[in-house]
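Nothing in this text is a laboratory measurement; each read-out follows from the coordinates by a stated rule. Please read all numbers here as calculations on a predicted model, not as lab measurements. Here Cβ is always computed from backbone atoms with ideal geometry, including for glycine, and neighbour counts include all displayed protein chains.
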C-alpha cells in the first residue's frame, strides 16, 4: 500500500504551483491550487470540488464522490484532502496539455480512479 499523503500545512500549499505546456501550441499555463470543498453544498453535485487559478482565472475541478467511495472499498482507507488535490491537479494538467481550457471540469468516477492508480496513491 502506498504511503498516505497527510493534510499538513495550509490547504493552499497542498499542491505547489506548476506550469503546463500545451502539446498543441506550446502555450504555457501557470497554475496555482487554492482549496477544496464538498460540491454537494455549493453546486448540488456529488463531487469534491477543487479550485485552481490558471493564469489568474478561477477553475473548478469537480471529482466524482463515487470514486472516493470506490477507492475506499478497494484500499480500505479514505483519500486525504491533499491526495484529492493531487488527483485534481493531474486531471487539470492533462486537460491543459490538450488545450481543453474550461472554467469547470466534472471528472467522472472512472477518470478519478484511473488517476488515483496512476499516481500510486492507493
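Once you keep just the Cα pairs under 8 angstrom separated by 6 or more residues, what percentage relative contact order results for the chain?
Dividing the mean separation by the residue count of the chain yields 28 percent.
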What is the angle, in °, between the Cα long axis of helix 65-75 and the longest principal axis of the Cα atoms in the chain? Nearest 10 is fine, range 0 to 90. 50
In degrees between 0 and 90, to the nearest 10, how far off the longest principal axis of the chain does helix 81-97 point, with axes built from Cα atoms? 30
Whole-number D in µm² s⁻¹ for the chain, Kirkwood Cα-pair radius fed into Stokes-Einstein, 25 °C, 0.890 mPa s: 169
I'd like the distance between the alpha-carbon centres of region 7-25 and region 44-68, rounded to an integer number of Å. 14
Crossing angle, helix 109-118 versus the chain [Cα axis fit, 0-90 degrees, rounded to tens]: 90
Cut-off is 10 Å between beta-carbons; in what order do 50, 66 appear when sorted fewest neighbours first? 66, 50
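Could you give the length gained on full extension between residue 27 and residue 12, defined as 0.36 nm per residue of separation minus the Cα-Cα distance, in nm? The partial results should precede the final answer.
On the way: separation 15, 0.36 × 15 = 5.40 nm, distance 2.48 nm.
Between residue 27 and residue 12, full extension yields 2.9 nm more.
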With R₀ set to 35 angstrom, the calculated FRET efficiency between the beta-carbons of residue 37 and residue 99, to the nearest 0.05, is 0.80
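Helix-only mean residue ellipticity at 222 nm, the chain, DSSP H runs n ≥ 4 weighted -39,500 (n - 2.57), per residue, nearest 500. What is it? Can you show the working numbers first?
Details: 4 runs with 43 residues, N = 122.
The helix-only estimate for the chain comes to -10500 deg cm²/dmol at 222 nm.
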